[in-house]
Amino acid sequence: MLAGPAPRYPLFRGVMRGWDNTPRVQDRAHCFVNAEPANYARWLQAVVGQTRASRSADERIVFINAWNGGAKAVISSRMPVTAARSWRRPRSP
């Protein structure tokens, strides 16, 4: 979708780390692959760049989904896209 045409509606992009809930739900699992730190960094950098180029300053929002395996709490904070510089090269867990 990064390379596709922009939709006619407001679109706020998001990125996420890898996810595999096979141990918890077995046959109904969802598994997102190729989540190496380098791939995540490239994806985040591309989304941030596209957001900077296409959105006004007050609409520069990128969602970062940090999966919570227990789904017990969600913490969200608004961070200017310019602050994402430090997130371009995530460290390995």
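The values are calculated or read from the model by the stated rules, or taken from the named source; none is laboratory data. These figures come from a predicted structure and were not determined experimentally. A quick note on method: Cβ atoms are made from the backbone with ideal geometry, for glycine too, and the neighbour counts reach across all protein chains shown.
Cβ separations smaller than 9 Å between residues 6+ apart or across chains give the following pairs from the stretch 37-50 residues that are small (Gly, Ala, Ser) to residues that are assigned to a helix (DSSP H, G or I): Ala41/Trp87.
Pull up the stretch 17-46, narrow it to residues that are of a type in the set (Val, Ile, Thr) and in a helix (DSSP H, G or I), then point me to the one that is surrounded by the most Cβ atoms within 10 Å (Cβ to Cβ). Among those residues, the one meeting the criterion is Thr22. Scanning the stretch 7-16 for residues that are under 13 Å from the mean Cα position of the chain (by Cα) and either part of a helix (DSSP H, G or I) or within 17 Å of Glu59 (Cα to Cα) (or both) returns Phe12, Arg13, Gly14, Val15. Candidates are the residues of the stretch 50-69 that are modelled with pLDDT of 85 or more and surrounded by fewer than 14 Cβ atoms within 10 Å (Cβ to Cβ); the one that is nearest to the chain's Cα centre (by Cα) is Phe63. If the condition is being surrounded by 11 or more Cβ atoms within 10 Å (Cβ to Cβ) and free of Cβ contacts under 8 Å to residues at least 24 places away in the same chain, then the stretch 4-16 contributes only Leu11.
Flag: Gly49 matches the condition of being under 23 Å from Glu59 (Cα atoms) and assigned to a helix (DSSP H, G or I).
Answer yes or no: is there a residue in the stretch 35-42 that is acidic (Asp, Glu) and modelled with pLDDT of 85 or more. No, the conditions are met nowhere in the stretch 35-42.
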